[in-house]
Amino acid sequence: TGANTVQCISYVKADGTAVVGVSVSVFVGGFTFDQSVVGTTAVSGVGFQPKAVIFFSNDGSTAETCWGVDDGTNAASISDYHHVTSDTYVSDPTYSIRLFQGSSDDSSANITTLGADGFTITNAKTGSPTTTIAVKYLAIG
């Protein structure tokens with residue numbers, strides 16, 4: 001198989017039926033986005049159409065951190081809420097990326113398109129969040 005592809009040789013379903021030749025493509029990458037700007041970010045070069053993406057997002061200058069998942073239809077995340085309530089994390093069933101600078105300044109993003117070579121996220125904001133966010137991701141296809 002090609003680069004970034006994992007082949008499962010001896011996988012068995014829960015009912016005991018063997019699955020032969022199942023392959024999963026994976027790609028690890030990164031991008032940045034300015035959370036003060038509402039818009040889209042196209043991510044390409046993945047090499048396949050992802051079925052789901054796992055995100056790890058952080059603003060290196062603050063405690064803004066988020067872990068999220070997205071399949072283009074369903075998204076969820078867990079975010080560091082420290083800027084609002086010390087030592088607190090929040091779960092969000094709507095966004096795959098959600099970062100809080102304060103109680104009235106936050107940014108959020110979701111996958112809006114899964115394409116043949118990557119994906120596009122659309123980000124929004126509340127209030128006036130600043131700084132550029134670094135995002136690492138694992139695309140699974």
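Every residue in segment 75-95 that is part of a loop (DSSP other than H, G, I, E, B) and under 20 Å from residue 41 (Cβ atoms), please.
The initial filter retains those residues of segment 75-95 that are part of a loop (DSSP other than H, G, I, E, B), namely 81-88, 93-95.
Passing the criteria: 94, 95.
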Set 24, 6: member being modelled with pLDDT under 75 and not in a loop (DSSP other than H, G, I, E, B): 6
Closer than 30 Å to residue 129 by Cα, open to solvent by less than 30 Å² (accessible area, probe 1.4 Å) and at pLDDT below 95, is that true of residue 33? yes
Segment 59-72, residues that are open to solvent by 30 Å² or more (accessible area, probe 1.4 Å) and within 12 Å of residue 137 (Cβ to Cβ): 67, 69
Residues satisfying the stated conditions in segment 48-65, i.e. at pLDDT 95 or above and not aromatic (Phe, Trp, Tyr): 49, 50, 51, 52, 53, 54, 57
Can you report the number of residues in segment 76-103 which are open to solvent by 70 Å² or more (accessible area, probe 1.4 Å) and acidic (Asp, Glu)? 1
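The values are calculated or read from the model by the stated rules, or taken from the named source; none is laboratory data. Being a predicted model, the structure only gives us computed values, none of them experimental. Positions of Cβ are generated from backbone atoms using ideal geometry, with glycine treated the same way; all protein chains shown enter the neighbour counts. Protein only, heavy atoms only, side chains kept; ligands, DNA and RNA dropped before computing areas. Shrake-Rupley method; radii C 1.70, N 1.55, O 1.52, S 1.80 Å.
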